[in-house]
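The values are calculated or read from the model by the stated rules, or taken from the named source; none is laboratory data. Note that this is a predicted model, so its numbers are computed, not measured. Note: ideal-geometry Cβ built from the backbone for every residue, glycine included; neighbour counts use all protein chains shown. SASA here: full protein model, heavy atoms, side chains in, ligands and nucleic acids out. Shrake-Rupley method; radii C 1.70, N 1.55, O 1.52, S 1.80 Å.
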Amino acid sequence: MNQTSSLRHITVLLDEAVAALAVRPEGRYVDGTFGRGGHSRALLRQLGPGGCLLGFDKDPQAIATGQALAAEDGRFVVVQRSFAELGDELAQRGWSGTLNGVLLDLGVSSPQLDDPERGFSFLNDGPLDMRMDPSRGVSAAQWIASASEDEIARVFKEYGEERFAKRMARAVVQRRAERPFERTADLAKVLTDANPAWEKGKNPATRAFQGLRIYINNELGDLEAGLQAAFDALEVGGRLVVISFHSLEDRIVKQFMRRYAKGEADQLPRNLPVIAKVFEPRLKLIGKPQFASESEVKANPRSRSAVMRVAEKLR
């Protein structure tokens, strides 16, 4: 067994997320972030013979796991695409507007973090890559080698919420003039040395690494596009369930759901004549945001920042 196949992923809010989908046995569902298939397997256990589940993931290792599951269960299909492309995929399958539920479990998976060769972690040295799909786009090392100091600072601050972003960006640019960054431990050391105020219990490179990962994978852009695609794909009564792991993600999800729950008129320019229909809500918020239980956090510390929001399509 190779290292990557032995890496374990613990699905967060597993039972809560599946329950929130209110699964119909013969329904059509999408798991937009297949990962290692925890949510998908639980969903399939609730589907009947006529039900079907479509999984999305950008990660080739996740796709390999998904293909194995598809070989075992004919109700499941997996595609190597971002969930932001959900609309295009469903249109090709004739599924547009027919889904009973969409689940998005955001962020990076434990196998991605724990495998040094993927380049996500500052704790384990590996190639500075960070791409969820290593066959596409620019790696973190390539971007760091060419981005301007201001752009690096913007990414650290905007996506990592790092208050010492400018200082860290300056240190990165000064060091890369001597030799390029190729390894995660190398970048982490420069970022750590440039951070003048370490947060208790948090590695000084955490926020900068987070910002870099989010930027390299266009995670927030994909989320905005994916939420709209998911809403459009749902039939009336369909559920949208989203699990977020940091404030930037959760803010986007919360604002999206609230906008459609209030009606769309508040997004229009003032004094513009509108018909009453634009004031009608298009989503209903289901319950309050849910968090991992104390027992789940104890068993899986990475679940401590998870927040799940649920909405149902009204029209």
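General observations
- Gain on full stretching of the segment that runs from Val173 to Trp198 - 0.36 nm per residue minus C-alpha separation: 6.9 nm
- 1.4 Å probe accessible area per residue over region 139-217, in Å²: 52
- Rolling a 1.4 Å probe over the heavy atoms of the protein chains gives region 80-120 an accessible area of 33 Å² per residue.
- Multiplying the residue separation of Gln46 and Lys189 by 0.36 nm and removing their Cα-Cα distance gives an extension gain of 46.7 nm.
- For the chain, with +1 on Lys and Arg beta carbons and -1 on Asp and Glu, the positive-most of Asn124, Val173, Val297 along the dipole: Val297
- As a rough guide to protection, the peptides 54-60, 135-141 ranked by mean Cβ packing within 10 Å, highest first, stand as 54-60, 135-141.
- Set of aspartates and glutamates with alpha-carbon distance to Lys313 below 16 Å, sequence-local pairs under 8 removed: Asp232, Glu235, Glu264, Glu280
- Given (1) 35, 25, 18; (2) 48, 21, 18; (3) 25, 24, 19, the label whose value is semi-axes √(5λ) of the Cα gyration tensor in Å derived from this model: (1)
- In summary, the aspartates and glutamates within cross-link reach of Lys166, defined as a Cα separation below 15 angstrom excluding same-chain residues under 8 places away, comprise Glu149, Asp150, Glu151, Glu158, Asp193.
- The aspartates and glutamates within cross-link reach of Lys284, meaning a Cα-to-Cα straight distance under 12 Å and a gap of 8 or more places when in the same chain, are Glu312.
- Unit charges on C-beta of K, R, D, E only; dipole of the chain, Debye: 800
- Accessible surface of region 139-217, 1.4 Å probe, proportion on carbon and sulfur as whole %: 47
- CD proxy at 222 nm, helix term only [per DSSP H run n ≥ 4: -39500 (n - 2.57); per residue of the chain; nearest 500]: -12500 deg cm²/dmol
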